[in-house]
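In what follows, a single structure is set out as structure tokens and then discussed.
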Amino acid sequence: MSKQEKREFHSRSSGVFFEIKRTLFKKKSRYQEIEVFDNPYFGRMLFLDGLVQTTEKDEFFYHEMLIHPAMVTHPDPKQILIIGGGDGGALKETLRYPIERVKMVEIDPDVIAVAKKYFPWLLHSLEDERADILIADGKEFLEDSQDKYDVVFIDSSEPVGPSVTLHERSFFELVKDRLNPSGIACAQMGAPFFQMESLKRAKDDLKDVFEIIRFFLAPVPTYPGGNWCFVYLSDQVDPFAIKREPPPDLQYFNLEIHKAAFALPNYLLEILK
Ligand code: SAM
């Protein structure tokens, strides 16, 4: 019998595909198509609207690189905000630090429910006593609340569906306004080789909002092109001003990786300088 497969056909007339050993969950939520599959190599895989979000085997690349650059450079990170991130991976990495509170604002409760049921290694993060899990649109949450944070992470999906607002300049202006002095924001910014136009637009928008804008890269095996872009945003804290060692037992991030991640290839320097 031929193998069953899940194909992610992404924006640049190419894609990736994964063998499906078992389909564990499939539902159209109020916001998106949510699917969970079992793959012989990657284990549990979460797809939203047909795009890989996270897998059991390689989630550490993305979540460690989204969270640790800010957490090793902020002078005293105590109040943290995560927008999106419903699978709980970003929360897991944030909770490795002696923070006071972390708020996670996820628009789709079905993503959290699916993560709790099919990604049990994330359950303890989603139920940690320091974590407040809120169901809301990230932009509306920031508009409605005046609370301030030391670090804000934007763990959004691709700019489709509910995630579109999390890629707009007005959203990042709100993020900046909700940062304490010495605040840092880090956001996932998509596939560098496939989304150069949107990266350039983001750079042009962000340079009018933050003093320090540094894009950085990391491999993510199951993402389009196997390479992912993030951005480090602050008015005062330089990403090379390391304040602390990262937690032990990380699988990807270390301080050498931190420095190297901000080194950009020429084709990106052209559009991001
Ligand atoms: N952590 C994931 C990974 O490993 O790739 C990254 C994507 S995460 C699943 C993206 C989350 O953002 C989804 O759970 C989605 O429901 C949520 N989301 C999308 N738009 C949102 C919005 N406007 N406000 C809050 N959460 C949103």
When you go through G190, G226 one by one, which is the residue that is surrounded by fewer than 18 Cβ atoms within 10 Å (Cβ to Cβ) and within 15 Å of the ligand (Cβ to nearest atom)? G226
Across region 148-167, which residue is surrounded by the most Cβ atoms within 10 Å (Cβ to Cβ) among those that are closer than 19 Å to K200 by Cα and touching a helix residue (DSSP H, G or I) at 6+ places or on another chain (Cβ under 8 Å)? I154
Across region 1-45, what is the number of residues that are of a type outside the set (F, W, Y) and part of a strand (DSSP E or B)? 24
From the list S170, S182, S125, S145, which one is open to solvent by less than 60 Å² (accessible area, probe 1.4 Å), of a type in the set (S, T, N, Q) and under 30 Å from T23 (Cα atoms)? S125
Determine which single condition G50 fails, assuming it passes every other condition in (1) within 11 Å of the ligand (Cβ to nearest atom); (2) at pLDDT below 95; (3) over 12 Å from Y223 (Cβ atoms); (4) not hydroxyl-bearing (S, T, Y). (1)
Out of all the residues in region 3-22, which are farther than 20 Å from K57 by Cα, over 22 Å from the mean Cα position of the chain (by Cα) and open to solvent by 100 Å² or more (accessible area, probe 1.4 Å)? K3, S13
Does P120 meet the test of being within 14 Å of the ligand (Cβ to nearest atom) and either modelled with pLDDT under 95 or β-branched (V, I, T) (or both)? no
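Out of the residues in region 23-51 that are exposed (fewer than 12 other Cβ atoms within 10 Å of the Cβ) and of a type in the set (D, E, K, R), state the one that is farthest from F119 (Cα to Cα).
Here the answer is R30.
Does G138 count as within 10 Å of the ligand (Cβ to nearest atom) and either closer than 30 Å to P40 by Cα or of a type in the set (A, V, I, L, M) (or both)?
Answer is no for this residue.
The values are calculated or read from the model by the stated rules, or taken from the named source; none is laboratory data. Computed from a predicted model, the values in this text were never measured in an experiment. Positions of Cβ are generated from backbone atoms using ideal geometry, with glycine treated the same way; all protein chains shown enter the neighbour counts. We work out accessible area using only protein heavy atoms, side chains counted, and drop any ligands, DNA or RNA first. Shrake-Rupley method; radii C 1.70, N 1.55, O 1.52, S 1.80 Å.
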